[in-house]
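The values are calculated or read from the model by the stated rules, or taken from the named source; none is laboratory data. Note that the structure is predicted; figures quoted are calculated from it, not measured. In this analysis, Cβ positions are derived from the backbone assuming ideal geometry, glycine residues included, and neighbour counts consider all displayed protein chains. To get the accessible areas, we keep the full protein, side chains included, count just its heavy atoms, and leave off ligands, DNA and RNA. Shrake-Rupley method; radii C 1.70, N 1.55, O 1.52, S 1.80 Å.
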Amino acid sequence: MEKEKPAVCGGKPVRDTKLFYGHQYIDEADIQAVVDVLKSDYLTCGPKIGELEKKLCEVTGAKYAVVCSNGTAALHMACMAAGIGPGDEVVTTPVTFAASANCALYCGGRPVFADIRKDTYNIDPASVAERVSEKTKAVVAVDFTGQSVQLDELLSLCREKGLVLIEDGAHVIGTKYKGKPNGSIADMTTFSFHPVKTVTGGEGGAVLTDSEEYYQKLLLYRSHGITRNEDLMEYEPEGGWYYEQIDLGYNYRMTDMQAALIISQLDKLPLFSRRRKEIVERYNEAFSRLPQIAVQKEIPESDTTRHLYILRLVPEKLRIGRKEFFDALAAENICCNVHYIPTYYFPYYQKLGYQKGICPKAEKLYEEIISLPLYYAMTDQDVEDVVRAVTRIAKYYEA
Ligand SMILES: *Cc1c(COP(=O)(O)O)cnc(C)c1O
């Protein structure tokens, strides 16, 4: 049988318009929610902040939520609350956005990279255990693609060694671990509301926790270390205007416009979740038939709302590499991305003394992956176009 020619070889592209790997979905209710805030008295520090925090607690089952300007600020505040300081080590994965490690550096700590599991691509608790030292204070575990990390294993390791477990849940909103929403399990969980994430506020972040102690600290760090809570004050209040700065914090506040948008988006989370699951199911079904593609393994404990779909190539079964496959998809008008370049590959980390080779499974993964389009507003036709493009390229270049 004649093989279908991919567009890079002169075939007709599977579609005429470009599809990107992620895209936000904004409806009239979202727009109205933001407009209502613009017409109200408070653009920041208003009622939408508390409303969103309450809603995040309802959605996740966490006791406390502190919303902030973005997911990176959330990670920074979580590391501060965990007490990370100069000389402390924080174990994390290299298969993530740079912020998961940078947050330790912000506090004067040192990120230590643990390797991933080669089947789920999430941080391997066994590798974490190996890399914990006398200096380790915390673990930042990333729910890569939205699949939950192995929280039971990580929590029991952290309890045994006296470490704080911070879950970087930028991908995880909507996912459940053993039936409980992620966000209610680790010591602290951070979310991001960047437009490529499942729920967006333009920018935005949150830290979720059950700990009153962390909660009080997070509130301080979000706004300059300033408090109006008399119980926390050093001196007698001098009058109604009085406040004190009792710690060093930042301006990591979220605006009410962002909070209103996120509240409105959260109403659609069940819809977003369902559609993302449908698309992932269709991709998995199609790609598990192709020997040229390896499908990401799902642990049974995770009921996953997938943020990213990772196409993993099987190099032995293909005559082309990842770059050629990526370019061939672009020629079909399927515009992908790669998540992630291992963090310690970056020049900044190399200058800090990190060597290539420390996480071989993460490095191998990086060579073989492409992030396919996955977002709520994709039509069935969009999804079929992606399936058709991947299939024709995989078959055309089969080894
Ligand atoms: C997006 C992301 C962040 C950072 O979130 P921002 O809101 O962009 O600051 C951190 N970690 C991971 C894994 C992310 O995907």
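Please determine, by comparing only the residues of the range 33-86 that are polar (S, T, N, Q) and outside any loop (DSSP other than H, G, I, E, B), which one is farthest from THR190 (Cα to Cα). So that I can check it myself, show each step before the final result.
Of all residues in the range 33-86, those polar (S, T, N, Q) come to 40, 44, 60, 69-70, 72.
Next, from what is left, pick out any that are outside any loop (DSSP other than H, G, I, E, B): 44, 60, 72.
Numbers: THR44: 21, THR60: 12, THR72: 9 Å.
Of everything passing the filter in the range 33-86, THR44 is farthest from THR190 (Cα to Cα).
When CYS57 is tested against the conditions (1) closer than 28 Å to LEU266 by Cα; (2) within 16 Å of the ligand (Cβ to nearest atom); (3) not small (Gly, Ala, Ser), the lone failure is (2).
On the given criteria, is ALA286 in a helix (DSSP H, G or I), crowded, with 21+ Cβ neighbours inside 10 Å and over 20 Å from the mean Cα position of the chain (by Cα)?
Values: in a helix (DSSP H, G or I): yes; crowded, with 21+ Cβ neighbours inside 10 Å: no; over 20 Å from the mean Cα position of the chain (by Cα): yes.
Against the criterion (in a helix (DSSP H, G or I), crowded, with 21+ Cβ neighbours inside 10 Å and over 20 Å from the mean Cα position of the chain (by Cα)), ALA286 does not qualify.
Taken over the range 92-109, the criterion of being polar (S, T, N, Q), surrounded by 24 or more Cβ atoms within 10 Å (Cβ to Cβ) and not in a loop (DSSP other than H, G, I, E, B) is satisfied by THR92, SER100.
Determine if the range 327-346 includes at least one residue that is within 23 Å of THR198 (Cα to Cα) and open to solvent by 50 Å² or more (accessible area, probe 1.4 Å). Yes, the range 327-346 has at least one match. Filtering ALA78, ALA62 for residues that are within 15 Å of the ligand (Cβ to nearest atom) and small (Gly, Ala, Ser) leaves a single hit, ALA78. The selection criterion, being in contact with a helix residue (DSSP H, G or I) (Cβ under 7 Å, 6 or more places away or on another chain), outside any helix (DSSP H, G or I) and on the phi < 0 side of the Ramachandran plot, holds for VAL172.
When restricted to residues that are closer than 14 Å to HIS171 by Cα, more than 10 Å from the ligand (Cβ to nearest atom) and assigned to a loop (DSSP other than H, G, I, E, B), the range 199-210 contains 1. Against the condition out of contact with any Ser or Thr (no Cβ under 6 Å at 6 or more places or on another chain) and not hydroxyl-bearing (Ser, Thr, Tyr), how does GLU160 come out, does it pass? Yes. Filtering the range 176-198 to residues that are within 16 Å of the ligand (Cβ to nearest atom) and either touching a Pro at 6+ places or on another chain (Cβ under 6 Å) or assigned to a strand (DSSP E or B) (or both) leaves MET188, THR189, THR190, PHE191, SER192. LEU269 meets each of the listed conditions (1) modelled with pLDDT of 95 or more; (2) closer than 27 Å to MET80 by Cα apart from (2).
What's the total number of residues in the range 155-169 that are within 16 Å of the ligand (Cβ to nearest atom) and either outside any strand (DSSP E or B) or surrounded by fewer than 21 Cβ atoms within 10 Å (Cβ to Cβ) (or both)?
Filtering the range 155-169 down to residues within 16 Å of the ligand (Cβ to nearest atom) leaves 165-169.
Okay, now just the ones that are also either outside any strand (DSSP E or B) or surrounded by fewer than 21 Cβ atoms within 10 Å (Cβ to Cβ) (or both), so 169.
Selection size over the range 155-169: 1.
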